[in-house]
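Asker: Let me begin by handing over the structure; questions about it come next.
The values are calculated or read from the model by the stated rules, or taken from the named source; none is laboratory data. Computed from a predicted model, the values in this text were never measured in an experiment. Glycine gets a Cβ as well: all are built from the backbone with ideal geometry, and neighbour counts include every protein chain shown. Note: areas computed on protein heavy atoms with side chains; ligands, DNA, RNA excluded. Shrake-Rupley method; radii C 1.70, N 1.55, O 1.52, S 1.80 Å.
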Amino acid sequence: RGLAVPPVLAAAAPPAPVWVPAGCRGAQGRFAYKLLHDLFANYSSALRPVEDTDQALNVTLQVTLSQIIDMDERNQVLTSYLWVRQAWLDAHLTWDKDAYDGIDSIRIPSSYVWRPDIILYNNADDRFGGSMETNVVLRSNGHIMWDSPAITKSSCKVDVSYFPFDGQRCRLTFGSWTYNGNQIDLRNRLDAGDLTDFVENVEWEVLGMPATRNVITYGCCSEPYPDVTYTLLLRRRASFYIFNLLLPCIMVSFLAPLGFYLPADSGEKVSLGVTVLLALTVFQLLVAESMPPSESVPLIGKYYIATMTMITASTALTIFIMNVHHCGPGARPVPPWARRLILHHMARLCCVYEVGESCKSPQRGPGRWAGRGDAGMPGESPGEGEVGAEAGGCPRVHCLCHQDSLLKNVGYIAGCFRRHRATQRWTSEWKKVAKVMDRFFMWVFFLMVFLMSVLVLGKAA
């Protein structure tokens, strides 16, 4: 006492042992070992643990959804990560906790005790694997609780009628495979699946997971078989598909009517329509690869088909209008009804005007397009008719030229010029008809694309 201990020696010295009474050293370990030996001395995990074999064993089931791993729409398989909790009462595994130093619960491997053969009825896994071999919690009153994680693949009927604005209802049905309702009374612990620890999925939004208990009598057996069915309510997050499939289709669709606005002399009108058609075909194949081959066509697929039909019709009309535009010198005059309907009413409606005119300028009447002339030659100017009449009726004594051959040549040249002017007017009239039809169908197809887009979005909403 009174002697100072050097700091180095004080730090290296071992701590003084804590004094424990000799009767308590290792008591919990010895009692736990003795308890385990006493419980399983004459226990068999092959028999249903009830005192009366005619009595049904109550088994409660609770499912916690942790994660949606994958939804395979084409094969209609849902892969999910679940935590399955089963609880029941084992009449052969009870003890007095006071006789074992107050031990109220122990954790032992699940293979030591009897377990209910609860499986997923609509399992779609080729290996048909069950739950993980985890420990069970055994209490002194015989209550057993078994928590086991499981990655399940369940069959799910996928309805893609409103893809990508669709919602799915996937069912997870759990039940005993060999025990009927008179032997195991399976019940759900909660009215819905637990979503507290759910990890959000990037593609699917979980709206709920209600649970229902069903008692079904199958054709093979007369005994009832209870099951617990969890209905997973899913809604697709459509943002990815809107930006990658729907918006490109809408933008490409608006290019189709612009093919009518393209000048016919450019030679690219038909090429534009065919290019747009091929682009939509590629998008259609992308959608078809991920969808199941069913009779229900997805909403976006219907939009693609309608747009492709519209583009096909526009390309066919473009070919017809180009044929009208390129009417050669041998073309007939524009019929009166076409001149009145197209060159007058439709030209005013579509605001098609010539150089120097505008939409507000007064339109010429349908009879003015051919011009005035004689000898049944449309487009002949008044001056040309008067010159011809003067040349034909002029007295010979007043003519400056007295050679008959010269007069015939002049008349021939004047006739050729009149025919050439008439042919030019007919050709320009057919070009004007083609231009008016182009402008008219352009607005019609713009309206069709807009209405189809609104209908698709409205139906999805």
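Asker: Please go through region 228-274 and pick out each residue that is surrounded by 18 or more Cβ atoms within 10 Å (Cβ to Cβ), of a type in the set (Phe, Trp, Tyr) and assigned to a helix (DSSP H, G or I).
Answerer: Tyr241, Phe260
Asker: Anything in region 51-62 that is at pLDDT 90 or above and either open to solvent by 60 Å² or more (accessible area, probe 1.4 Å) or within 21 Å of Arg107 (Cα to Cα) (or both)? List them, or say none.
Answerer: Scanning region 51-62 gives Asn58, Val59, Thr60, Leu61, Gln62.
Asker: From the list Ser266, Ser271, Ser239, pick out the single residue that is hydroxyl-bearing (Ser, Thr, Tyr) and more than 30 Å from Phe440 (Cβ to Cβ). Please lay out each step first, then the result.
Answerer: Details: Ser266 fails: more than 30 Å from Phe440 (Cβ to Cβ); Ser271 fails: more than 30 Å from Phe440 (Cβ to Cβ).
Testing whether each residue is hydroxyl-bearing (Ser, Thr, Tyr) and more than 30 Å from Phe440 (Cβ to Cβ) leaves just Ser239.
Asker: Of the residues in region 78-93, how many are of a type outside the set (Ser, Thr, Tyr), assigned to a strand (DSSP E or B) and surrounded by 20 or more Cβ atoms within 10 Å (Cβ to Cβ)?
Answerer: Here the count works out to 5.
Asker: Sticking with this structure for a sec: So Asp197 passes all but one of these: (1) in a loop (DSSP other than H, G, I, E, B); (2) of a type in the set (Asp, Glu); (3) open to solvent by less than 40 Å² (accessible area, probe 1.4 Å). Which condition number does it fail?
Answerer: Every listed condition holds for Asp197 apart from (3).
Asker: Let me ask something else about it. Failed condition for Leu232, given (1) closer than 21 Å to Glu73 by Cβ; (2) of a type in the set (A, V, I, L, M, F, W, C); (3) in the same structural domain as Leu299 (by the TED database), with all others met?
Answerer: Among (1) closer than 21 Å to Glu73 by Cβ; (2) of a type in the set (A, V, I, L, M, F, W, C); (3) in the same structural domain as Leu299 (by the TED database), Leu232 violates only (3).
Asker: Quick check, is Pro14 assigned to a loop (DSSP other than H, G, I, E, B), at pLDDT below 90 and open to solvent by 80 Å² or more (accessible area, probe 1.4 Å)?
Answerer: Details: assigned to a loop (DSSP other than H, G, I, E, B): yes; at pLDDT below 90: yes; open to solvent by 80 Å² or more (accessible area, probe 1.4 Å): yes.
Here the answer is yes, as Pro14 does meet what is asked.
Asker: Something else about it: Find the residue count for region 97-114, including only residues that are of a type in the set (Asp, Glu) and in contact with a Ser or Thr (Cβ under 9 Å, 6 or more places away or on another chain).
Answerer: Keep residues of region 97-114 that are of a type in the set (Asp, Glu), which gives 98, 101, 104.
So of that shortlist, the ones also in contact with a Ser or Thr (Cβ under 9 Å, 6 or more places away or on another chain) come out as 104.
Counting residues in region 97-114 that are of a type in the set (Asp, Glu) and in contact with a Ser or Thr (Cβ under 9 Å, 6 or more places away or on another chain) gives 1.
Asker: Let me ask something else. Identify the residue in region 180-189 that is open to solvent by 80 Å² or more (accessible area, probe 1.4 Å) and part of a loop (DSSP other than H, G, I, E, B) and, among all such residues, is nearest to Asp72 (Cα to Cα). Spell out how you get there, then give the answer.
Answerer: If we filter region 180-189 for residues that are open to solvent by 80 Å² or more (accessible area, probe 1.4 Å), which is where we start, we get 182, 187, 189.
Filter again for part of a loop (DSSP other than H, G, I, E, B), leaving 182, 189.
Working: Asn182: 38, Arg189: 30 Å.
Selected residue: Arg189.
Asker: Could you check region 277-295 and list, in sequence order, the residues that are open to solvent by 10 Å² or more (accessible area, probe 1.4 Å) and outside any loop (DSSP other than H, G, I, E, B)?
Answerer: Leu277, Leu278, Ala279, Thr281, Val282, Phe283, Gln284, Leu285, Leu286, Ala288, Glu289, Ser290
Asker: Is it fair to say Trp177 is open to solvent by 70 Å² or more (accessible area, probe 1.4 Å) and in contact (Cβ under 8 Å) with a residue 60 or more places away in the chain? Working first, answer last.
Answerer: On the way: open to solvent by 70 Å² or more (accessible area, probe 1.4 Å): yes; in contact (Cβ under 8 Å) with a residue 60 or more places away in the chain: yes.
Yes, satisfied.
Asker: So is Gly142 out of contact with any strand residue (DSSP E or B) (no Cβ under 7 Å at 6 or more places or on another chain) and not acidic (Asp, Glu) or not?
Answerer: No.
Asker: While we're looking at this one, here's another question. Hey, among the residues in region 296-312 that are open to solvent by 10 Å² or more (accessible area, probe 1.4 Å) and among the small types (Gly, Ala, Ser), which one's farthest from the chain's Cα centre (by Cα)?
Answerer: If we take residues in region 296-312 being open to solvent by 10 Å² or more (accessible area, probe 1.4 Å) and among the small types (Gly, Ala, Ser), then Ala306 is farthest from the chain's Cα centre (by Cα).
Asker: Could you tell me which residue of region 200-227 is surrounded by the most Cβ atoms within 10 Å (Cβ to Cβ), considering only residues that are farther than 16 Å from Trp83 by Cα and hydrophobic (A, V, I, L, M, F, W, C)?
Answerer: Trp204
Asker: Also: For region 44-75, enumerate the residues that are polar (S, T, N, Q), more than 30 Å from Leu286 (Cα to Cα) and not in a loop (DSSP other than H, G, I, E, B).
Answerer: Asn58, Thr60, Gln62, Thr64, Ser66
Asker: Give all pairs with beta carbons closer than 8 Å in which a residue from region 29-49 that is among the charged types (D, E, K, R) meets a residue that is in a helix (DSSP H, G or I); count only pairs at least 6 apart in sequence or on separate chains.
Answerer: Close Cβ pairs satisfying both conditions: Lys34/Tyr100.
Asker: While we're looking at this one, here's another question. List pairs: first in region 408-425 and surrounded by 14 or more Cβ atoms within 10 Å (Cβ to Cβ), second at pLDDT 70 or above, Cβ under 6 Å, 6+ apart or cross-chain?
Answerer: Note: no pairs meet the criteria.
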